[in-house]
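Each remark here refers to the structure printed beneath this line.
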C-alpha cells in the first residue's frame with residue numbers, strides 16, 4: 001500500500017491545489033490505499049468510492065471548495081472527498097459511533113454542500129444552490145456528481161428539466177461506472193466534445209450565424225444548416241438527450257485520466273450555461289477483488305485485504321435470505337408471482353429468484369415510485385407482485401402506495417427490508433418510520449415477524465391475501481429458520497408467549513426476543529410480566545390485547561419504530577376505543593434522528609436492550625402502584 005507521503009500533507013483542498021499536476025496520480029494511489037485500509041477494518045461503501053478517486057482529485061484541483069459547491073448524489077462515491085477535505089485524521093472513525101458519517105454531512109464539514117443519503121437528488125440540490133447564487137449576485141461554481149444508477153430515478157430527470165428551464169450555469173458530472181460505451185463511439189464522441197469545448201467554438205458559431213443572417217436567403221440558409229447540424233448531432237453525439245434539455249454535453253471521457261478530467265472541468269466552468277460531463281469510471285478500481293465483483297463490493301463489512309475474505313463470517317441465515325428463498329418456493333407453485341425491486345437485487349435477496357425466473361423478476365432502477373405503480377398495474381392483470389425495497393427507500397413512494405395500490409385494494413405485497421435501526425449507515429438509512437406511514441392507510445395489512453419461520457409464514461399469507469400487505473423485517477441474521485413446508489400466518493392474530501400479571505408487554509417483530517429477555521429479568525425482581533408477540537400492527541389482535549390489558553391492568557408496547565404514530569399509538573387508540581382505561585407505556589425510538597454506530601450501540605443509546613427495557617417497565621409498574629395507594 002502507498003505510504004501516504006502526499007496525502008498526509010493535505011489538510012484541505014487548498015493543499016491539494018498546491019501540488020503539481022504530475023503529482024496527482026501518486027496522490028490517487030495513496031488515497032486508494034488509505035481507503036482500502038480503513039474500510040477493511042470498518043466496513044463501508046468501497047467500490048464506488050474507489051472508482052471516483054481521480055474524479056474527486058480533479059474536482060478539488062479545479063474548483064475552490066467551499067466557495068464553489070460540490071454536491072455528491074447519495075454519497076457512496078464521497079470517501080476520497082472526505083479524505084481531501086480535512087477529515088483525513090478522523091477517517092479511521094468512519095461509520096463508527098461518534099465518528100464521521102459514511103455520507104456527506106453539512107454539520108461535519110463546510111465542504112459538504114448538502115446532506116445526502118438517498119439517490120437521484122443531487123441535480124435538484126445543485127439547481128437550488130445555483131438559483132440561490134444567482135439571486136445573491138454571486139459567481140461561484142456549482143457542481144453535482146451523479147452516478148449512472150441514480151440517473152434511473154425520475155427525480156434526476158425532473159431536475160434536469162428544471163435546470164434546462166433555468167438555464168443557469170451548473171455542472172452535472174455523470175459518473176458512469178458501467179463501462180457501457182464502446183471504444184469507437186467513445187472516440188468519436190470525445191472528438192466532437194473537444195471541438196465543442198475549444199475556446200474559439202462558441203465565437204465561431206456566433207460569427208457564422210451573424211454572417212449567414214445577412215446573406216441573401218440568409219435566414220433560410222441558417223435554418224437549413226441548423227437542421228443539418230442537428231441531424232448529424234442526433235446521429236453522432238450520444239448526449240443529444242441532454243443537449244435537448246438545455247445542457248452542453250461533454251464526453252464521454254476517461255474518468256481515470258487526470259489531465260483530461262482537469263481540462264474538461266476547467267472548460268465546462270467557463271461556459272455560461274448548464275453543462276453535463278459524461279465520465280466513464282471503473283467501479284472498484286485499484287482493488288482487484290472489487291474490480292472483479294463490483295456488486296459484491298458496493299458495500300462490505302470488515303475484510304482481509306490480501307484475500308478479500310470477510311473477517312467475520314455469518315453464522316446463520318438472514319431475514320433477507322429467507323425472503324428470497326420463500327419467494328422462490330412460492331413462485332415454483334404459483335405462476336402469478338412476480339418480484340420487483342428498485343436497483344437492489346442483491347440487497348433484497350432476489351438474486352436467486354432473478355436467476356430462476358428471469359421473466360418474472362423486474363428491476364425498475366432507482367425508481368421506487370415507478371416500482372409501486374408498476375406493481376399495481378401488474379396486479380390489475382391477475383398477477384401477484386411482491387415489491388422488495390428497503391424501508392427507508394419506500395418512503396419515497398408513499399403517494400403511490402396510497403393512491404395506486406390501497407385505494408383499489410390491489411394485491412401488492414411490500415417486503416420492507418432493513419426495517420428498524422440499520423447501524424453504521426446512519427439516519428438516512430434507518431427504517432424507523434414505516435409503521436407510522438403505513439398503518440393509517442385503509443385496507444393495508446401491516447405485519448412484522450419475530451423470527452425467520454414467521455417471516456416465511458407471513459410472506460405466504462400476504463401473497464394469498466388478495467389485498468395490499470406490508471411485511472417489515474430487520475437487517476441481519478434471524479433465529480428459527482423454516483424447516484419443511486411453511487403454513488400461512490393467520491391474519492390479525494398475535495400469540496401469547498408468556499403468561500403474567502401486573503403488566504402485559506406487547507412486543508413487535510425484532511423486539512419480541514428483547515422483551516422476553518426483559519421479562520426474565522423482571523421475574524427476578526418479583527414482577528411477572530406477560531409477553532405478547534403482536535405480529536400485526538394492522539389489523540391488531542384486539543381480542544388478545546384487550547384480554548391481556550384487563551388481566552394485567554398495565555400495558556407496555558415495544559417497537560423498533562418511531563413512537564410517534566407507531567405500534568404503541570395503535571394499541572393506545574384500540575384500548576381507548578374499547579373503553580379500557582389502563583395505563584400504557586410506549587417504548588420505541590425517540591422523536592429525533594438516531595446517528596450511526598453498530599445496531600447494538602444504537603439500541604443501548606435509546607434504551608431498547610433487555611436491561612433498559614426491564615428497568616423502564618419496573619419503574620412504570622412501581623409508579624403506577626404508588627399512584628393507586
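The figures follow:
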quantity: Check on residue 333, surrounded by fewer than 19 Cβ atoms within 10 Å (Cβ to Cβ), at pLDDT 95 or above and touching a strand residue (DSSP E or B) at 6+ places or on another chain (Cβ under 8 Å); calculated: no
quantity: Residue match in the stretch 454-466 (condition: part of a loop (DSSP other than H, G, I, E, B), more than 21 Å from residue 318 (Cβ to Cβ) and not assigned by TED's automatic domain parsing to the domain that holds residue 102); calculated: yes
quantity: Filtered residues of the stretch 364-383 (kept if modelled with pLDDT of 95 or more and either under 29 Å from residue 146 (Cα atoms) or not assigned by TED's automatic domain parsing to the domain that holds residue 406 (or both)); calculated: 368, 369, 370, 371, 372, 373, 374, 375
quantity: Total residues in the stretch 426-442, condition in a loop (DSSP other than H, G, I, E, B) and either touching a helix residue (DSSP H, G or I) at 6+ places or on another chain (Cβ under 8 Å) or within 20 Å of residue 608 (Cα to Cα) (or both); calculated: 10
quantity: Qualifying residue in the stretch 247-264 (condition: on the phi > 0 side of the Ramachandran plot, in a loop (DSSP other than H, G, I, E, B), in the same structural domain as residue 127 (by TED's automatic domain parsing) and at pLDDT below 95); calculated: no
quantity: Among the residues listed as 394, 410, 421, the single one being touching a helix residue (DSSP H, G or I) at 6+ places or on another chain (Cβ under 9 Å), surrounded by fewer than 24 Cβ atoms within 10 Å (Cβ to Cβ) and in contact (Cβ under 8 Å) with a residue 40 or more places away in the chain; calculated: 410
quantity: Residue in the stretch 272-284 that is part of a helix (DSSP H, G or I) and either within 18 Å of residue 149 (Cα to Cα) or touching a strand residue (DSSP E or B) at 6+ places or on another chain (Cβ under 6 Å) (or both) present; calculated: no
quantity: Candidates 386, 405, filtered to the one that is buried (at least 22 other Cβ atoms within 10 Å of the Cβ) and either modelled with pLDDT under 95 or in a strand (DSSP E or B) (or both); calculated: 386
quantity: Any chance residue 622 is over 30 Å from residue 42 (Cα atoms) and either touching a helix residue (DSSP H, G or I) at 6+ places or on another chain (Cβ under 7 Å) or modelled with pLDDT under 95 (or both); calculated: yes
quantity: Only one of 20, 82, 9, 69 that is touching a strand residue (DSSP E or B) at 6+ places or on another chain (Cβ under 7 Å) and either farther than 30 Å from residue 605 by Cβ or modelled with pLDDT of 95 or more (or both); calculated: 69
quantity: Every residue from the stretch 119-137 that is part of a loop (DSSP other than H, G, I, E, B) and either assigned by TED's automatic domain parsing to the domain that holds residue 425 or surrounded by fewer than 21 Cβ atoms within 10 Å (Cβ to Cβ) (or both); calculated: 136, 137
quantity: Residue check for residue 77: touching a strand residue (DSSP E or B) at 6+ places or on another chain (Cβ under 7 Å), part of a loop (DSSP other than H, G, I, E, B) and either touching a residue at least 12 places away in the same chain (Cβ under 8 Å) or not assigned by TED's automatic domain parsing to the domain that holds residue 265 (or both); calculated: yes
quantity: Subset of the stretch 519-529 [under 20 Å from residue 495 (Cα atoms) and touching a strand residue (DSSP E or B) at 6+ places or on another chain (Cβ under 7 Å)]; calculated: 519, 529
quantity: Residue 353 being in contact with a strand residue (DSSP E or B) (Cβ under 6 Å, 6 or more places away or on another chain) and closer than 22 Å to residue 46 by Cβ; calculated: no
quantity: Subset tally (residues that are free of Cβ contacts under 8 Å to residues at least 60 places away in the same chain and closer than 21 Å to residue 564 by Cβ) for the stretch 592-604; calculated: 1
quantity: Odd one out for residue 567 among (1) in contact with a strand residue (DSSP E or B) (Cβ under 7 Å, 6 or more places away or on another chain); (2) over 15 Å from residue 420 (Cα atoms); calculated: (2)
quantity: Of residues in the stretch 50-74 being in a loop (DSSP other than H, G, I, E, B) and under 25 Å from the mean Cα position of the chain (by Cα), the one farthest from residue 280 (Cα to Cα); calculated: 74
quantity: Enumeration of residues in the stretch 565-604 that are in a loop (DSSP other than H, G, I, E, B) and under 30 Å from residue 551 (Cα atoms); calculated: 565, 566, 578, 579, 580, 581, 582, 583, 590
quantity: Filtered residues of the stretch 292-317 (kept if under 22 Å from the mean Cα position of the chain (by Cα) and either in a loop (DSSP other than H, G, I, E, B) or assigned by TED's automatic domain parsing to the domain that holds residue 251 (or both)); calculated: 293, 294, 295, 296, 297, 298, 299, 301, 302
quantity: All strands (runs of 3 or more DSSP E) inside the stretch 498-549 with 2 or more residues being assigned by TED's automatic domain parsing to the domain that holds residue 420; calculated: none
quantity: Test: residue in the stretch 501-511 that is under 30 Å from residue 582 (Cα atoms), surrounded by fewer than 24 Cβ atoms within 10 Å (Cβ to Cβ) and either in contact with a strand residue (DSSP E or B) (Cβ under 8 Å, 6 or more places away or on another chain) or free of Cβ contacts under 8 Å to residues at least 24 places away in the same chain (or both); calculated: yes
quantity: Flag if residue 608 is assigned to a helix (DSSP H, G or I), under 30 Å from residue 392 (Cβ atoms) and either touching a residue at least 40 places away in the same chain (Cβ under 8 Å) or not assigned by TED's automatic domain parsing to the domain that holds residue 522 (or both); calculated: no
quantity: Residue that is surrounded by the most Cβ atoms within 10 Å (Cβ to Cβ) [pool: residues in the stretch 35-49 that are touching a helix residue (DSSP H, G or I) at 6+ places or on another chain (Cβ under 6 Å) and part of a helix (DSSP H, G or I)]; calculated: 49
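This table checks each residue for (1) closer than 23 Å to residue 28 by Cβ; (2) modelled with pLDDT of 95 or more.
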site	(1), (2)
88	yes, yes
102	yes, no
112	yes, yes
140	no, yes
148	yes, no
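The values are calculated or read from the model by the stated rules, or taken from the named source; none is laboratory data. Since this is a predicted model, take the numbers as computed values, not measurements. Every residue, glycine among them, receives a Cβ derived from its backbone with ideal geometry; neighbour counts consider all protein chains shown.
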